[in-house]
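To keep things clear, I will list the structure first and then write my remarks on it.
The values are calculated or read from the model by the stated rules, or taken from the named source; none is laboratory data. Not measured: the values here are computed from a predicted model. Note that each Cβ is placed from the backbone with ideal geometry, even for glycine, and that neighbours are counted across all protein chains shown.
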Amino acid sequence: MNLKQAAGIEAAKFVKDGMIVGLGTGSTAYYMVEEIGRRMREEGLNITGVTTSNATKEQAEKLGIPLKSIDEVPVVDLTIDGADEISKAFQGIKGGGAALLFEKIVATYSKQVIWIVDESKLVEQLGQFPLPVEVIPYGAQQLMRIFDEKGYQPVLRQTETGQIVKTDSGHYIIDLHLEVINDPEALATYLDQLVGVVEHGLFLNMVSKVVVGSAQGVSIIDSPHQK
Ligand code: 5RP
(Lines give C-alpha, C1' and ligand atoms only; values in the text may rest on other atoms or scores of the structure.)
Protein backbone atom coordinates (compact mmCIF):
# COMPACT_ATOMS: atom_id res chain seq x y z
CA MET A 1 0.00 0.00 0.00
CA ASN A 2 1.37 3.44 -0.85
CA LEU A 3 1.41 6.37 1.57
CA LYS A 4 -1.46 8.23 -0.06
CA GLN A 5 -3.61 5.11 0.03
CA ALA A 6 -2.79 4.50 3.71
CA ALA A 7 -3.78 8.08 4.62
CA GLY A 8 -6.98 7.91 2.53
CA ILE A 9 -8.11 4.65 4.12
CA GLU A 10 -7.34 5.86 7.67
CA ALA A 11 -9.27 9.10 7.16
CA ALA A 12 -12.32 7.23 5.88
CA LYS A 13 -12.65 5.80 9.43
CA PHE A 14 -13.85 9.24 10.57
CA VAL A 15 -16.93 8.87 8.38
CA LYS A 16 -19.96 7.80 10.43
CA ASP A 17 -23.37 6.51 9.43
CA GLY A 18 -25.78 9.21 8.24
CA MET A 19 -23.14 11.86 7.66
CA ILE A 20 -23.10 14.33 4.78
CA VAL A 21 -19.50 14.01 3.58
CA GLY A 22 -17.52 16.39 1.38
CA LEU A 23 -15.49 14.29 -1.05
CA GLY A 24 -12.20 15.90 -2.07
CA THR A 25 -10.26 15.68 -5.31
CA GLY A 26 -6.90 14.26 -6.33
CA SER A 27 -4.86 11.08 -6.14
CA THR A 28 -5.02 10.85 -2.31
CA ALA A 29 -8.71 11.68 -2.09
CA TYR A 30 -9.28 8.99 -4.71
CA TYR A 31 -8.33 6.29 -2.20
CA MET A 32 -10.57 7.79 0.50
CA VAL A 33 -13.56 7.78 -1.87
CA GLU A 34 -12.84 4.17 -2.85
CA GLU A 35 -12.69 3.21 0.83
CA ILE A 36 -16.02 4.91 1.56
CA GLY A 37 -17.48 2.98 -1.38
CA ARG A 38 -16.10 -0.24 0.08
CA ARG A 39 -17.52 0.50 3.52
CA MET A 40 -20.94 1.18 1.99
CA ARG A 41 -20.87 -2.13 0.11
CA GLU A 42 -19.37 -4.30 2.81
CA GLU A 43 -20.38 -2.65 6.10
CA GLY A 44 -23.72 -1.10 5.14
CA LEU A 45 -22.47 2.45 5.79
CA ASN A 46 -24.96 5.08 4.65
CA ILE A 47 -23.77 8.55 3.71
CA THR A 48 -24.56 11.36 1.32
CA GLY A 49 -21.60 12.74 -0.62
CA VAL A 50 -20.97 16.30 -1.78
CA THR A 51 -18.30 16.19 -4.47
CA THR A 52 -15.67 18.85 -5.19
CA SER A 53 -15.05 18.17 -8.90
CA ASN A 54 -16.43 16.41 -11.96
CA ALA A 55 -13.72 13.74 -11.58
CA THR A 56 -14.77 12.87 -8.02
CA LYS A 57 -18.45 13.01 -9.01
CA GLU A 58 -17.81 10.43 -11.72
CA GLN A 59 -15.89 8.19 -9.29
CA ALA A 60 -18.58 8.48 -6.58
CA GLU A 61 -21.37 7.73 -9.04
CA LYS A 62 -19.56 4.56 -10.17
CA LEU A 63 -19.34 3.48 -6.53
CA GLY A 64 -23.05 4.13 -6.02
CA ILE A 65 -22.52 6.86 -3.40
CA PRO A 66 -25.71 9.00 -3.19
CA LEU A 67 -24.81 12.61 -3.99
CA LYS A 68 -26.21 16.07 -3.37
CA SER A 69 -24.89 19.45 -4.41
CA ILE A 70 -23.65 21.90 -1.79
CA ASP A 71 -26.88 23.87 -2.34
CA GLU A 72 -29.07 20.91 -1.43
CA VAL A 73 -27.62 20.31 2.05
CA PRO A 74 -27.89 22.52 5.17
CA VAL A 75 -24.24 21.89 6.11
CA VAL A 76 -21.56 19.28 5.42
CA ASP A 77 -20.65 17.20 8.50
CA LEU A 78 -17.13 16.31 7.42
CA THR A 79 -14.98 17.01 4.35
CA ILE A 80 -11.93 14.90 3.57
CA ASP A 81 -9.58 16.27 0.93
CA GLY A 82 -5.95 16.22 -0.20
CA ALA A 83 -3.53 19.16 -0.07
CA ASP A 84 -0.42 20.27 -1.93
CA GLU A 85 1.42 21.80 1.04
CA ILE A 86 0.68 22.11 4.75
CA SER A 87 2.76 24.45 6.88
CA LYS A 88 3.72 24.14 10.54
CA ALA A 89 0.87 26.61 11.23
CA PHE A 90 -1.61 24.22 9.53
CA GLN A 91 -2.17 26.59 6.63
CA GLY A 92 -2.47 24.95 3.25
CA ILE A 93 -2.02 25.31 -0.48
CA LYS A 94 -4.54 23.45 -2.60
CA GLY A 95 -5.50 23.46 -6.26
CA GLY A 96 -2.77 21.35 -7.82
CA GLY A 97 -5.63 19.41 -9.39
CA ALA A 98 -7.44 22.63 -10.46
CA ALA A 99 -10.43 21.92 -8.20
CA LEU A 100 -9.73 24.62 -5.60
CA LEU A 101 -12.94 26.63 -6.12
CA PHE A 102 -15.40 23.85 -5.34
CA GLU A 103 -12.99 22.47 -2.72
CA LYS A 104 -12.97 25.80 -0.90
CA ILE A 105 -16.75 26.21 -1.15
CA VAL A 106 -17.38 22.72 0.26
CA ALA A 107 -14.75 23.20 3.01
CA THR A 108 -16.27 26.55 3.99
CA TYR A 109 -19.65 24.95 4.64
CA SER A 110 -18.22 21.96 6.52
CA LYS A 111 -18.31 21.44 10.30
CA GLN A 112 -14.99 19.62 10.12
CA VAL A 113 -12.23 19.36 7.50
CA ILE A 114 -9.62 16.61 7.37
CA TRP A 115 -6.67 16.76 4.97
CA ILE A 116 -4.97 13.59 3.82
CA VAL A 117 -1.38 13.74 2.61
CA ASP A 118 1.84 11.83 2.37
CA GLU A 119 4.68 13.22 4.47
CA SER A 120 6.25 15.07 1.50
CA LYS A 121 3.46 17.68 1.75
CA LEU A 122 4.44 18.86 5.25
CA VAL A 123 6.60 21.99 5.05
CA GLU A 124 7.96 24.66 7.35
CA GLN A 125 6.51 27.55 5.33
CA LEU A 126 4.20 27.59 2.29
CA GLY A 127 5.35 28.61 -1.18
CA GLN A 128 7.60 25.97 -2.71
CA PHE A 129 4.50 24.55 -4.39
CA PRO A 130 3.23 27.08 -6.97
CA LEU A 131 0.14 28.84 -5.63
CA PRO A 132 -2.86 28.30 -7.96
CA VAL A 133 -5.08 31.30 -8.64
CA GLU A 134 -8.35 30.67 -10.48
CA VAL A 135 -9.25 33.55 -12.80
CA ILE A 136 -11.91 34.55 -15.31
CA PRO A 137 -10.49 34.10 -18.86
CA TYR A 138 -11.44 37.69 -19.77
CA GLY A 139 -8.64 39.85 -18.39
CA ALA A 140 -6.39 36.92 -17.52
CA GLN A 141 -3.45 38.47 -19.38
CA GLN A 142 -3.84 41.68 -17.35
CA LEU A 143 -3.60 39.64 -14.16
CA MET A 144 -0.54 37.86 -15.61
CA ARG A 145 1.06 41.29 -16.14
CA ILE A 146 0.22 42.46 -12.60
CA PHE A 147 1.60 39.26 -11.05
CA ASP A 148 4.70 39.49 -13.22
CA GLU A 149 5.32 43.10 -12.10
CA LYS A 150 5.04 41.97 -8.48
CA GLY A 151 7.69 39.29 -9.07
CA TYR A 152 5.28 36.40 -8.53
CA GLN A 153 6.57 34.51 -11.62
CA PRO A 154 3.08 33.67 -12.94
CA VAL A 155 2.52 30.77 -15.32
CA LEU A 156 -0.79 30.21 -17.08
CA ARG A 157 -1.47 26.52 -16.52
CA GLN A 158 -1.45 24.40 -19.67
CA THR A 159 -1.87 20.73 -20.44
CA GLU A 160 1.07 18.63 -21.65
CA THR A 161 -0.12 19.26 -25.19
CA GLY A 162 -0.10 23.04 -24.71
CA GLN A 163 -3.85 23.66 -24.25
CA ILE A 164 -4.85 26.18 -21.59
CA VAL A 165 -6.26 24.25 -18.62
CA LYS A 166 -9.91 25.04 -17.92
CA THR A 167 -11.41 24.32 -14.52
CA ASP A 168 -14.79 22.60 -14.04
CA SER A 169 -16.26 26.13 -14.05
CA GLY A 170 -14.50 27.14 -17.29
CA HIS A 171 -11.94 29.38 -15.59
CA TYR A 172 -8.15 29.53 -16.06
CA ILE A 173 -5.48 28.80 -13.46
CA ILE A 174 -2.45 31.05 -12.99
CA ASP A 175 0.27 29.37 -10.90
CA LEU A 176 2.40 31.76 -8.86
CA HIS A 177 5.98 30.59 -8.30
CA LEU A 178 6.60 32.37 -5.03
CA GLU A 179 9.24 30.09 -3.43
CA VAL A 180 8.21 31.25 0.04
CA ILE A 181 5.06 32.90 1.40
CA ASN A 182 5.98 34.85 4.51
CA ASP A 183 2.54 36.26 5.22
CA PRO A 184 -0.22 33.98 3.83
CA GLU A 185 -3.00 36.10 5.35
CA ALA A 186 -1.77 39.30 3.65
CA LEU A 187 -1.33 37.54 0.31
CA ALA A 188 -4.83 36.03 0.57
CA THR A 189 -6.31 39.46 1.31
CA TYR A 190 -4.46 40.96 -1.66
CA LEU A 191 -5.59 38.22 -4.06
CA ASP A 192 -9.18 38.34 -2.76
CA GLN A 193 -9.61 41.95 -3.87
CA LEU A 194 -8.23 41.60 -7.42
CA VAL A 195 -10.86 41.96 -10.14
CA GLY A 196 -11.08 38.76 -12.21
CA VAL A 197 -9.66 36.52 -9.50
CA VAL A 198 -12.34 33.98 -8.64
CA GLU A 199 -10.45 32.14 -5.88
CA HIS A 200 -6.95 31.20 -4.80
CA GLY A 201 -5.38 28.11 -3.33
CA LEU A 202 -4.52 29.50 0.11
CA PHE A 203 -6.71 27.56 2.54
CA LEU A 204 -6.22 29.37 5.83
CA ASN A 205 -7.58 28.32 9.24
CA MET A 206 -9.75 25.67 7.64
CA VAL A 207 -8.39 22.27 8.58
CA SER A 208 -9.30 20.44 11.80
CA LYS A 209 -7.11 17.33 11.41
CA VAL A 210 -4.32 16.16 9.14
CA VAL A 211 -3.85 12.47 8.38
CA VAL A 212 -0.27 11.84 7.25
CA GLY A 213 1.03 8.74 5.55
CA SER A 214 4.73 8.18 6.17
CA ALA A 215 7.24 5.34 6.00
CA GLN A 216 6.69 4.85 9.76
CA GLY A 217 2.91 4.51 9.37
CA VAL A 218 -0.10 6.81 9.47
CA SER A 219 -0.32 9.59 12.04
CA ILE A 220 -3.17 11.94 12.87
CA ILE A 221 -2.37 15.50 13.85
CA ASP A 222 -4.97 17.83 15.39
CA SER A 223 -4.78 21.35 14.08
CA PRO A 224 -5.55 24.36 16.29
CA HIS A 225 -8.17 25.48 13.74
CA GLN A 226 -11.12 23.54 15.19
CA LYS A 227 -14.43 24.72 13.82
C1 5RP B 1 -6.98 19.49 -6.19
C2 5RP B 1 -6.27 19.52 -4.90
C3 5RP B 1 -5.69 18.25 -4.41
O4 5RP B 1 -6.28 17.91 -3.22
C5 5RP B 1 -4.21 18.43 -4.24
O6 5RP B 1 -3.67 18.84 -5.47
C7 5RP B 1 -3.52 17.17 -3.77
O8 5RP B 1 -3.56 16.21 -4.78
P9 5RP B 1 -2.88 14.80 -4.63
O10 5RP B 1 -3.57 14.08 -3.54
O11 5RP B 1 -3.10 14.17 -6.00
O12 5RP B 1 -1.41 15.00 -4.36
O13 5RP B 1 -6.18 20.52 -4.24
O14 5RP B 1 -7.38 20.77 -6.59
In region 119-157, the residues that are of a type in the set (Ser, Thr, Tyr) and within 16 Å of the ligand (Cβ to nearest atom): SER120
GLY18 in contact with an Asp or Glu (Cβ under 9 Å, 6 or more places away or on another chain) and closer than 20 Å to LYS121 by Cα: no
Residue match in region 22-43 (condition: of a type outside the set (Gly, Ala, Ser) and on the phi > 0 side of the Ramachandran plot): no
Residue check for LEU178: of a type in the set (A, V, I, L, M, F, W, C), touching a helix residue (DSSP H, G or I) at 6+ places or on another chain (Cβ under 7 Å), modelled with pLDDT of 95 or more and outside the structural domain of ASP118 (by the TED database): no
Set ALA11, ALA29: member being outside any loop (DSSP other than H, G, I, E, B) and within 11 Å of the ligand (Cβ to nearest atom): ALA29
Breaking point among (1) assigned to a strand (DSSP E or B); (2) more than 10 Å from the ligand (Cβ to nearest atom), for ILE116: (2)
